[in-house]
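In what follows, a structure is listed as structure tokens, so that the remarks can point back to it.
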């Protein structure tokens, strides 16, 4: 759990320190803009941006029932963020597994990627697809039950 929030925490701390330094130098507007930028970066890299993460076993069970794809992801991954943003509202219909919170999910990703934890890995009908195009993922989602 700590690992998932690590990058967001780092962005908040660095942003606060940088904004404080700029504020002390007498430019409060620039300090506010910098702080806002770092807060946005922290939010984009936090688990809050993604739909609620579930365990790999629960995702497999749900996917077997409804046919929806499973997305293995981790916070701080720019490709995961890109996928999430480009999917928009459809992202909530997928089964999301945070590999930093779920050891089984991390193991599944390593098994699919020659021992590497390459994300996003999207599993459709039991077949893993590494960093697929968001349009393709949306098509797979529309084919599910």
Condition broken by residue 41, with the remaining ones in (1) surrounded by fewer than 20 Cβ atoms within 10 Å (Cβ to Cβ); (2) touching a residue at least 24 places away in the same chain (Cβ under 8 Å); (3) more than 15 Å from residue 7 (Cβ to Cβ); (4) in contact with a helix residue (DSSP H, G or I) (Cβ under 6 Å, 6 or more places away or on another chain) satisfied: (3)
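May I ask you to verify whether residue 84 is free of Cβ contacts under 8 Å to residues at least 24 places away in the same chain, assigned by TED's automatic domain parsing to the domain that holds residue 136 and surrounded by 15 or more Cβ atoms within 10 Å (Cβ to Cβ)?
It is false that residue 84 is free of Cβ contacts under 8 Å to residues at least 24 places away in the same chain, assigned by TED's automatic domain parsing to the domain that holds residue 136 and surrounded by 15 or more Cβ atoms within 10 Å (Cβ to Cβ).
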Qualifying residue in segment 89-102 (condition: surrounded by 12 or more Cβ atoms within 10 Å (Cβ to Cβ), over 16 Å from residue 57 (Cα atoms) and more than 16 Å from the chain's Cα centre (by Cα)): no
Matching residues, segment 72-131, being part of a strand (DSSP E or B) and either out of contact with any strand residue (DSSP E or B) (no Cβ under 9 Å at 6 or more places or on another chain) or at positive phi (or both): 127
Among (1) at pLDDT below 95; (2) in contact with a helix residue (DSSP H, G or I) (Cβ under 6 Å, 6 or more places away or on another chain); (3) surrounded by fewer than 19 Cβ atoms within 10 Å (Cβ to Cβ) - the single one residue 66 does not satisfy: (2)
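The values are calculated or read from the model by the stated rules, or taken from the named source; none is laboratory data. Everything numeric here is computed off the predicted structure, so don't read it as measured data. In this analysis, Cβ positions are derived from the backbone assuming ideal geometry, glycine residues included, and neighbour counts consider all displayed protein chains.
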